[in-house]
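Quick note: the coordinates plus some simple rules give every number you see, no bench work behind them. As the structure is a prediction and not an experimental result, all values here were calculated from the model. Counting neighbours? That spans all protein chains shown, and the Cβs are built from the backbone with ideal geometry, glycine included.
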Amino acid sequence: VTEKLEVVATYIKTYVVSINGVTSTVDTGTLLERPTVNPTKENHQFVGWYVGDVEYNFNTEVTSDLVIEAKFELNQYEVVFKDHDGTVLSIETVTHGLGATAPANPTREGYRFDKWDKNSNNVKSDLVISPIYIDNRNILNNNAINSLLVTVNNDKKLTIGTSSGSEN
């Protein structure tokens, strides 16, 4: 060394960064790369990358240790209750595994509401639910036929009759 030489030590601060369980060490001021493939989780949708409850901004330089995790929310489904003619009775957004609230039982002239055609509890997909009606003309009342009598007499003749339920 023929001249005066000044040597200055430069220290670069490093930080530990974990992205969804994969840990690495990076220099201060580094911009992290967003993962190119979003993770998946059954019955959930990927919301974003978070540090705690705050979404991580990948355009921000690293200035501390970080734990960045994928955030997921349960899937949401649309449950539509439609009448026999396609009229929408109600629409509800339901979280995976929860139930939809059925509207009041619909009415239809000449028919009686029996039940809904699908179960609206434990929803796991979009659903269209419709009422099942019973035709009032097929409903037996106290004055109608309660049973069918079939009699074979000694002459081997078949007699078909009706009973109102009151036998002698």
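A simple rule links phi to the HN-Hα coupling: the Karplus curve 6.51 cos²θ - 1.76 cosθ + 1.60 with θ = phi - 60°, which for region 10-24 gives 10, 10, 10, 6, 10, 10, 9, 10, 10, 10, 6, x, 9, 9, 8 Hz, with x for Gly and Pro. Taking the square roots of 5 times each eigenvalue of the Cα gyration tensor of region 8-48, largest first, gives ellipsoid semi-axes of 32, 10, 6 Å.
Projecting label points 7 angstrom from Cα along Cα→Cβ for N119 and L5 puts them 8.1 nm apart. Over region 1-101, the Kirkwood radius and the radius of gyration, each from Cα atoms, give a ratio Rg/Rh of 1.37.
You can think of it this way: the chain between S90 and T23 has 19.3 nm of extra reach, that is 0.36 nm per residue less the Cα-Cα gap. Backbone amide hydrogens, once placed in the peptide plane, bring I129 within less than 5 Å of V80, F81, K82, excluding anything fewer than 5 places away on its chain. Subtracting the Cα-Cα distance of E109 and T36 from their residue separation scaled by 0.36 nm leaves 20.5 nm.
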